[in-house]
Structures are given as C-alpha cells and as structure tokens.
Amino acid sequence: MSATVAAIFLNNRRSLIWSVMRIVRDAQTAEDVAQETYVRAVRAAETAPIEHVEAFLHQTARNLAINHKRRHDMRGRIERSDLPDTDVENIASSAPSQEAALIQRQRLRCLHAAIAKLPERARTVWLLSRIEKWPYPRIAEHLGVSPNTVFNDLKLAHAHCVEALAKVDRC
C-alpha cells in the first residue's frame, strides 16, 4: 500500500504544494507540509487501507497547512521580531543578582549556625517539622514527648532563627 501512496503522492505533489501554498504563502513551508503529508499518509496506510488516497493526501495537506497557519498567526500575536536588539538585550533577568545571591548565602549560613546552636531536641523538632514536614503528633510520638512540648520546642527554634536572621539583616 505504501508503494501506491508514494506513486499517487508523486503524481499529485505539485498540486498538493500549490494548494498548501495558497494557505501558508511560503514556498519552503509548502514543501515541508507536503512532505509531512506524505509521511502521515504512509503511516496511515500501514495501519489501515486508504480507500481514496488522492483525496486523503489533499485533505491531510489542507489540514496541516491550516494548522501551520494558525500556529504561525498565534506566534505573530505573541512574538515580535520588530524590536531593536538593544531592547531585547536590556530585558531584566529573572535570576537573582550576584549581590542578592551573596546576601541569601550569608543568611543561609547564619540560619545553619543558629540551628546548630539549638538544644538537640529543639533542633530535631525544627528539622522534622520544617524540613521533613512531619506533623506535631508524629514528632511527639517519635521523640516520646507531648505535642505541647513539640510546639514549645518549635516556637523556641523559630524565635532563635528569626533573631539570628534579624542580626544579619541589621548589619
């Protein structure tokens, strides 16, 4: 069946390209769409017989051309090619500046130091709650303490961290 598709495609290639050309208005795109039409027709013929190959080729080419035109038109509304290079080069990066990254690393070191200074149980409670996302009852059961103790240890750890970060921010 693919030999039949190939022969019919070759006989109708010019006609397919011209019908696609009327939609997409670009010779190279029309060639690409025609080639994609052939590939899709061969794949379709492998799965089931195509009763009217010529009509199938023309309809597939038309559908692909319309889809291409829609995508192209949509991109034209979103993307702009008429912007000067300087405008594009001056778009701010979403990445943090070197200064902001340095400040965040400093704050992170301070936070690590503050957590290291906590009593062992408060440090464990903070890590299980904030890093591992364990609920208070699970932490309490794991440590063999009451949920109120977990709450108080977490409150102590949180206050300690906030105070340490406040010192860094004041400097």
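The values are calculated or read from the model by the stated rules, or taken from the named source; none is laboratory data. Worth saying up front: this structure is predicted, and the values here are computed from it rather than measured. Cβ: placed from backbone, ideal geometry, glycine included. Neighbour counts: every protein chain shown. Please note that ligands, DNA and RNA were not included when accessible areas were found on the heavy atoms of the full protein model with its side chains. Shrake-Rupley method; radii C 1.70, N 1.55, O 1.52, S 1.80 Å.
Miscellaneous remarks
- The lysines whose alpha-carbon is closer than 27 Å to the alpha-carbon of LYS155, local same-chain residues fewer than 8 away aside, are LYS117, LYS133, LYS167.
- Reachable aspartates and glutamates from LYS69, criterion Cα separation under 19 angstrom, eight or more residues apart if same chain: ASP26, GLU31, ASP32, GLU36, GLU79
- Per-residue SASA entry for ASP87, accessible area with 1.4 Å probe, Å² rounded to 10: 80 Å²
- Tilt relative to the chain, helix 98-116 - C-alpha long axis, 0 to 90 degrees, to 10: 40 degrees
- Applying both filters, DSSP loop and at most 14 other Cβ atoms within 10 Å, to the trypsin sites (Lys or Arg not before Pro) of the range 86-151 gives LYS117, LYS133.
- This structure gives Rg and Dmax of the Cα atoms in Å, computed directly, and of [x] 15.6, 48; [y] 32.9, 84; [z] 16.8, 51 that value is listed as [y].
- Largest-first ordering by accessible area, 1.4 Å probe, given options PHE151, PHE56: PHE151, PHE56
- Those GluC sites (Glu not before Pro) in the range 1-88 that DSSP places in a loop and that have at most 15 other beta carbons within 10 Å: GLU51, GLU79
- Between helix 53-78 and the chain: long-axis angle, C-alpha atoms, 0 to 90°, nearest 10: 40 degrees
- Low-density loop cleavage sites - trypsin sites (Lys or Arg not before Pro) in the range 1-73, where at most 16 other Cβ are within 10 Å (DSSP): ARG25
- Rounded to the nearest 10 degrees, the angle from helix 27-47 to the longest Cα principal axis of the chain is 90 degrees.
- Normalised contact order of the range 53-165, rounded percent, pairs of Cα under 8 Å and 6 or more residues apart: 24 percent
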